[in-house]
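Colleague: Can you keep this structure in mind? I'll have questions shortly.
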Amino acid sequence: MQGSGKDLVIRFQFIHQDRVTKRFMGITIKLFASLREQFARDELKTTDTPATVHDAWLRITQKERPANILAAVNHEYVNFDHPLNDGDEVAFFPPVTGG
């Protein structure tokens, strides 16, 4: 018999994690402030993964983005040419002002 029981458990965990990952392909898109109001929702999920943040924007709006819209991927500001991966969370929001 090859490998120990511990080795078999570790192999099973890797296989199990791989299967779980494959089930959850796509991204989550979150909209904030006036964008949430404009699209009447605060979150969308895709079943596939757009190539870039810009592609995700086009998917939900079918319009070129206004220059003042900001984007973040997984809680970090990014440019609209930033590539996306399965499971990413993309957030779009207008600039924040305060006083």
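Colleague: Which of the residues that make up the range 34-50 are hydrophobic (A, V, I, L, M, F, W, C) and surrounded by 13 or more Cβ atoms within 10 Å (Cβ to Cβ)? Let's see the steps before the verdict.
Modeller: First, the residues of the range 34-50 that are hydrophobic (A, V, I, L, M, F, W, C): 35, 39-40, 44.
Correct list: Leu35, Phe39, Leu44.
Colleague: Now a separate question. Quick one: in the range 51-80, which of the residues that are of a type outside the set (S, T, N, Q) and over 20 Å from Gly26 (Cβ atoms) is surrounded by the fewest Cβ atoms within 10 Å (Cβ to Cβ)?
Modeller: Quick first cut of the range 51-80, residues of a type outside the set (S, T, N, Q) only: 51, 53-60, 63-67, 69-73, 75-78, 80.
Add one more test, that the residue is over 20 Å from Gly26 (Cβ atoms), and what stays is 63-67, 69-70, 77.
Details: Lys63: 8, Glu64: 9, Arg65: 15, Pro66: 8, Ala67: 5, Ile69: 14, Leu70: 15, Tyr77: 10.
Only one residue tops the list, namely Ala67.
Colleague: Say we look at the range 30-75 and pick out the residues that are of a type in the set (S, T, N, Q) and within 15 Å of the chain's Cα centre (by Cα); which of these is farthest from Val96 (Cα to Cα)? Reasoning before the result, please.
Modeller: Keep residues of the range 30-75 that are of a type in the set (S, T, N, Q), which gives 34, 38, 46-47, 49, 52, 61-62, 68, 74.
Adding the requirement that they be within 15 Å of the chain's Cα centre (by Cα) leaves 46-47, 49, 52, 74.
Working: Thr46: 27, Thr47: 30, Thr49: 28, Thr52: 23, Asn74: 19 Å.
Restricting to residues being of a type in the set (S, T, N, Q) and within 15 Å of the chain's Cα centre (by Cα), the top hit is Thr47.
Colleague: Here is a follow-up. Please indicate, with yes or no, whether at least one residue in the range 54-64 is in contact (Cβ under 8 Å) with a residue 12 or more places away in the chain, in contact with a Gly (Cβ under 8 Å, 6 or more places away or on another chain) and not hydroxyl-bearing (Ser, Thr, Tyr).
Modeller: no
Colleague: Also: Show the residue pairs that are 6+ apart or on different chains and have beta-carbon atoms under 8 Å apart, the first residue being within the range 32-45 and of a type in the set (Ser, Thr, Tyr), the second being in a loop (DSSP other than H, G, I, E, B).
Modeller: Within 8 Å, the pairs are Ser34/Pro94.
Colleague: Within the range 77-99, which residues are part of a strand (DSSP E or B) and modelled with pLDDT of 95 or more?
Modeller: At the first step, the residues of the range 77-99 found to be part of a strand (DSSP E or B) are 77, 83, 89-93.
Correct list: Tyr77, Pro83, Glu89, Val90, Ala91, Phe92.
The values are calculated or read from the model by the stated rules, or taken from the named source; none is laboratory data. This one's a predicted model, so the numbers in the text were calculated from it and none came from an experiment. Counting neighbours? That spans all protein chains shown, and the Cβs are built from the backbone with ideal geometry, glycine included.
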